[in-house]
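This report concerns only the one structure given below.
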Amino acid sequence: MTWFANHYDLLRGLHIIAVIAWMAGMLYLPRLYVYHAGATAGSELDLTFQTMELKLYRIIMGPAMVATWIFGLALIYVDATQIRGGWDFLQQPWM
């Protein structure tokens, strides 16, 4: 068995943490947009919201999305090659 198969639970946990971080950012970003809509254009509050939105997207949501995809694909690969022994599980409705 490979390192990935031996640490399957670690991969699964990191995947769940990445999904939670990504979803939290996706739920918080519209709230920032609503608050930003009430700010006067060019004001200090406007610039603050622009900075907050950019940092949320680039520092939290972007890396969390990439990590979610990487860990998810790693889980699918490990499941198909070392745990179940085939790719047939991808045809299940839950996938």
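FYI, it's all coordinate maths here, none of it is from the lab. All of these numbers come straight from a predicted model, not from anything done at the bench.
Observations on the structure shown:
- Between the stretch 71-95 and the stretch 17-52, the C-alpha centres lie 36 angstrom from each other.
- Label corresponding to Cα extents along the principal axes in Å when calculated from the structure given, among (i) 59, 28, 14; (ii) 34, 29, 21; (iii) 40, 34, 29: (i)
- The equivalent ellipsoid that matches the C-alpha gyration tensor of the stretch 1-49 spans semi-axes of 41, 9, 5 angstrom, in descending order.
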